[in-house]
Each structure stands twice: as structure tokens, then as C-alpha cells.
Amino acid sequence: MSNSPNIGRREFLSQTGRATFSLMLASALPASALALGRKRLKVAAVITAFTYRSHAHVILENFVEPYLFNGKLISPGMDVVSLYGDQFPDGELGRAFAAKYKIPIYKTISEALCLGGDKLAVDAVLSIGEHGIYPVNEKGQYEYPRKRFFDEIVAEFRRSGKVAPVYNDKHLSYRWDWAKEMYDTSRELRIPFMAGSSVPLAQRCPPLELPARAKIEAAVSIHGGGVESYDFHGLEVLQSMIEARRGGETGVARVQFLQGDALWKAAADGLWSPQLAQTALDAEPNSGRPPAKELIRPPKTGDTGAPFVSHGILLNYRDGLRAIVLAAATGGIRWHFACKLAGEQQPRATSFYVGPWNNRNLFKALSHAIQTHLRERRAPYPVERTLLVTGILDAEMESRSQGGKPMDTPQLAIAYQPRDYRKMREMGATWKIITEDIPEPKGIEIWRKP
């Protein structure tokens, strides 16, 4: 996506030792912008809160400075021209970020989209509704205001009589009916709409590309985080890998939250395979992790940080595929996938490497995908993926609140065809430049030589 050459680590260090990536801006313009003479887009950022390593931080830093993607220095090719912050908690960085990059902060979303005027004045909108201090409901869901953000953005589109591409960070809403309304509205008004997780864009180790239209008999996705917030990423990893199976995606018929004895009874009944889960875990090279048999177990009395599976999400797809997402204590930056294909004895498996600095660098690939969406007015992968995952997640949390009751999900008869998004994925070249021994930047500073 860039006409700038690959650069080596030594050259990278020398070029950025005394200045930020902005000094290299001229040589890092996106090839598409150069070839087509496109204008620099004006982007409004609508966020919940901007704290260190929040999603607002790790996304927006790649919109104001060039960044590395697949070993190339990429310019965003667009300008963040306005900011709306829903909260400014202690220790927040949003005001300093806005001052540094001369971005005005507006009191309302409407003002941010109109740049203080009376009509839409931006070319694209980032809606980053993650982090901040918000209620947690009786089902354990964080009530982030993504639906409110979307409604206020759409209200301005309606007033102005035109629309702009929108990116919605993570799942659409904690409520299925609101998520479906957001999707339906985007279709009605023809809003170019993108959403979803950063993890499917991570480097796959070992490399894994499933055959197109493969018949998948079983699949498992494993993550190391908590309920809901990390379950979402685990579900998106699963969905991103299986959506290209034979027949395309047709939706999910039943969702069940499982933990403790119920999880292991389901395994004994053949509803999911601990052996396939072990294959997924074993795909990660040099993990330093305990043997999978020590992870694939329920918590025991007296556990003090010992690894175990805390819960699972059992999914019955409408086409007969059965899959599970497991939360195993492997660390919040580890992600694994395995599946069994018809006619093959050996499962196929991979892990997702997010790069140095925990998961911060993972957002370089996501930012690149978002920028492509905003320029081309078409998401690199279907928003229906995240619509389906949003519905699964809500059904999971409902099942959990009812003690693991299976939830029939006729509302999730969501059919879609996948898109090839390999150009949006990090293939590993960046980690030859940004290595594990390079210290992570602090605050809102872009990386500088230590």
C-alpha cells in the first residue's frame, strides 16, 4: 500500500533517533494517494476516553504520524481535524495529544463533525467507544456508549444530507437490538461502515491459510483474557478463520456459556475436543507455557494464579458446524486457533503474534485497515462478521447470567460472504525492525531512540 522502500532496523534507528516519524512523511505517502491524487481526508475522532494504552491512544497515534506496517513506513494520508471526548479522567492524555497536534476539542459530537459550523465538514469518522468509566450491567456487560455515539453521528449525517465512512471500534453494542439497528441504519443510509477486532490482523505463527470453501468439521479459538471484552476478540478470531468455509457464513443457531463441570461434561459428550484445543495451544512457538493438559482443566480449590480454562462459549452454527471459544490463562496477548478439515487426519493450527510492547503494535495493522476503509469507502472485511459476533457475545452473556442455559438464536441467521483481507494483515516484516529489545514509547510520544 506504500511506495516507500523496506527499511532495515539500523537505518530505521538512525532516521528516527532525533525526530519522530513525521520527518519521513514525504517519503511515506500511500501509493494510492500518489497515484490517484486524492486529497487528504479530514477525520473526526469521537472517543470515550484517552488514557495511556487505551484504544483511543493506540489507534490515533497511527493517524497523526507515519507508522510501520509489513516493514514499510506508511503515512496515514489523512488528518485528524476534530476530537470529541466523552470523559477526561485523571491521568488522561487527550488534551495533551490535541494540543501537540493542534486538534480542536469540541463539546458535542455534532460540533466535532461540523468543525464548529452548521453542516458536516469532515470526510470520515472514527468512533472509539472503549475504555473510560461506564456502568456494568447485571449481565456483566460494560455499557460503552457506542450506540449513542453512532446515533449522534447519524443525526448529523441526516441534517447535512450526506454521509461519511465510519469505523466503530470493537463490537457494535452490548445490546443486540441496538447493534442490529446500527447495522440496518448503515444499510439504509448507505454509510460505509466498518467495525471489529485488531487480532485477526496479527501475524499467524506458523503461517496458516485455509483452503477456500474448505469443509470444516470442528474449530476452536483460545484466548487468555476475561469475560466479554476478550471473549469478543476470541470470537472474531474464530469467525475470521471459518467464515470462508464451504457455503459461506449462514449464522449461528445456539450459544451456550460453559464453565466448571458443565464445560468438561460437554467435552465428554463430544461437543468439543480438548485434543483440538491442545493442538491450538501447541501451535505457538517457544511459548514457555505449561503443558496444554495443565491449561485445559477447570480451576481447582486453592489455585493461586495457576493456569486453567475459566470458561468456554459453545457455538452451534446453522450449517451444522460446532465450534468453541475457550478462555485459558495463557496471558492477555496470546491467541490461538485450530480446526479439523474433512478428509484430513491432522488438524490445522496457528497462533497470532501481536508484536512487541504487548498488543500496542497490533493496532498498526488495524489502523492501516481503517485508513483503507476510509479512503476506499469500503471495509476490507464485511461488517456482518462483527454484527454476528456482537449477537453471539450478547447471547453468551445472557446464557452466563442464566447459569449456562443454552440460548437459541434465530436472530443470528446472518448470511454473508467473506472478503480476502490478506493485504491488511501483518505478515511479520515489521518485527524485524521493531524488536522485543526496543523500549515501548511512553505517553503520547512516537518511538524515539533511547
- Just checking, how many residues over the range 168-190 are among the aromatic types (Phe, Trp, Tyr) and under 19 Å from Glu156 (Cα atoms)? 2
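Give the residue that is surrounded by the most Cβ atoms within 10 Å (Cβ to Cβ), with candidates limited to residues of the range 340-349 that are touching a helix residue (DSSP H, G or I) at 6+ places or on another chain (Cβ under 8 Å) and either assigned to a loop (DSSP other than H, G, I, E, B) or not basic (Lys, Arg) (or both).
Ala349
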- Note on the structure: The condition from (1) of a type in the set (Asp, Glu); (2) under 20 Å from Pro145 (Cα atoms); (3) in a loop (DSSP other than H, G, I, E, B) that Glu209 misses is numbered (2)
- Task: Would you mind stating whether Arg360 is under 20 Å from the mean Cα position of the chain (by Cα), modelled with pLDDT of 95 or more and surrounded by fewer than 20 Cβ atoms within 10 Å (Cβ to Cβ)?
- Result: no
- Residue list for the range 221-259, filter: touching a Ser or Thr at 6+ places or on another chain (Cβ under 9 Å) and among the charged types (D, E, K, R): Glu236, Arg254
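Does Phe88 satisfy the criteria of being in contact with an Asp or Glu (Cβ under 9 Å, 6 or more places away or on another chain) and among the aromatic types (Phe, Trp, Tyr)? Before the answer, list the steps.
Numbers: in contact with an Asp or Glu (Cβ under 9 Å, 6 or more places away or on another chain): no; among the aromatic types (Phe, Trp, Tyr): yes.
No.
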- Task: Kindly indicate whether any position in the range 420-441 is within 22 Å of Tyr144 (Cα to Cα) and surrounded by fewer than 23 Cβ atoms within 10 Å (Cβ to Cβ).
- Result: no
- Select from the range 268-321 the residues that are outside any loop (DSSP other than H, G, I, E, B), of a type in the set (Ser, Thr, Tyr) and at pLDDT 90 or above and list them in ascending order. Thr279, Tyr317
- Exclusive hit being outside any loop (DSSP other than H, G, I, E, B) and within 16 Å of the chain's Cα centre (by Cα), set Asp184, Asp231: Asp231
- Report, by residue number, each residue of the range 234-266 that is part of a loop (DSSP other than H, G, I, E, B) and closer than 22 Å to Glu384 by Cα. Glu243, Ala244, Arg245, Arg246, Gly247, Gly248, Thr250, Gly251
- Residue in the range 322-339 that is modelled with the lowest pLDDT, counting only those that are more than 15 Å from Gln256 (Cβ to Cβ), small (Gly, Ala, Ser) and buried (at least 20 other Cβ atoms within 10 Å of the Cβ): Ala329
- Query: For Gln345, which of the numbered conditions (1) of a type in the set (S, T, N, Q); (2) in the same structural domain as Ile191 (by TED's automatic domain parsing); (3) without any contact (Cβ under 8 Å) to a residue 12 or more places away in the chain fails to hold?
  - Reply: (2)
- Item | Given (1) under 22 Å from Arg187 (Cβ atoms); (2) free of Cβ contacts under 8 Å to residues at least 12 places away in the same chain, number of the condition Pro135 does not satisfy | (1)
- Message: Looking at the range 236-261 only, could you name the residues that are crowded, with 21+ Cβ neighbours inside 10 Å and farther than 22 Å from Arg334 by Cα?
- Response: Arg245, Glu249, Val252, Val255, Gln256
- Message: Exactly one condition in (1) more than 20 Å from Gly234 (Cβ to Cβ); (2) surrounded by fewer than 20 Cβ atoms within 10 Å (Cβ to Cβ); (3) at pLDDT 95 or above is false for Met182; which is it?
- Response: (2)
- Message: Taking the criterion of being more than 26 Å from Leu41 (Cα to Cα) and either in a helix (DSSP H, G or I) or in contact (Cβ under 8 Å) with a residue 60 or more places away in the chain (or both), would at least one residue in the range 188-196 satisfy it?
- Response: no
- Search the range 405-429 for residues that are in contact (Cβ under 8 Å) with a residue 12 or more places away in the chain and part of a loop (DSSP other than H, G, I, E, B) and pair each with any residue that is surrounded by 15 or more Cβ atoms within 10 Å (Cβ to Cβ) and β-branched (Val, Ile, Thr) when their beta-carbon atoms are under 7 Å apart and the residues are at least 6 apart or on different chains. Thr409/Val252; Thr409/Val255; Ala415/Thr250
- Apart from one, (1) under 18 Å from Ile47 (Cβ atoms); (2) outside any strand (DSSP E or B) all hold for Asn168; the odd one out is (2)
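The values are calculated or read from the model by the stated rules, or taken from the named source; none is laboratory data. Note that the structure is a prediction, hence the values are computed from the model and not measured. Counting neighbours? That spans all protein chains shown, and the Cβs are built from the backbone with ideal geometry, glycine included.
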